[in-house]
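Structure, as structure tokens:
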Amino acid sequence: MAAGQHLFKFFDNKAEIAKKATKSGSDSEAFFALEQIKQSELELRELMQWQGRAGLWDDWLQFQSDAKRKREEEARQILLKKRKRIEAIKSVATGIAIVVLVLTGVAAIAGLVWVIVTKGGNG
């Protein structure tokens with residue numbers, strides 16, 4: 001349903017504008033855009049209540065709530081994946097650093113033993 005997609009985008013943008021308006025309290029453009037959205041939401045509510053089926057507005061509010069929860073869960077999953085990827089990179093980097101340090105230590109010990117064997121026997 002095309003109207004449903006437009007409504008979903010409309011109220012999705014409402015959330016973004018609301019975030020922007022609260023972040024930058026002096027941004028009058030965001031404030032008035034949010035006011036326009038509130039007015040449009042009121043008009044939609046009246047339309048649904050007077051011309052729609054019984055309970056349509058409540059169903060719409062539930063739909064919005066569910067959609068918001070879904071978007072937040074998706075954002076949380078993306079953040080979780082990023083954190084896991086960063087942890088994996090840190091683990092690999094730590095492993096490489098440990099290997100390099102161990103090899104450096106072994107090389108240093110081998111060099112010291114070589115010096116002792118070659119120089120120590122002549123002295």
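The values are calculated or read from the model by the stated rules, or taken from the named source; none is laboratory data. Predicted model only: the values in this text are computed from it and were never measured. Counting neighbours? That spans all protein chains shown, and the Cβs are built from the backbone with ideal geometry, glycine included.
Descriptive notes on the structure:
- Of the candidates ARG83, ARG76, ARG53, ARG69, the single residue that is surrounded by fewer than 10 Cβ atoms within 10 Å (Cβ to Cβ), closer than 30 Å to ALA15 by Cβ and among the basic types (Lys, Arg) is ARG53.
Rundown of residues vs (1) charged (D, E, K, R); (2) touching a residue at least 40 places away in the same chain (Cβ under 8 Å), yes/no style:
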| residue | (1), (2) |
| --- | --- |
| LEU47 | no, no |
| GLN51 | no, no |
| GLN64 | no, yes |
| GLU74 | yes, no |
| LYS81 | yes, no |
| ILE86 | no, no |
| ALA93 | no, no |
| ALA97 | no, no |
| VAL113 | no, no |
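- ASP58 vs. criteria modelled with pLDDT under 75 and assigned to a helix (DSSP H, G or I): no
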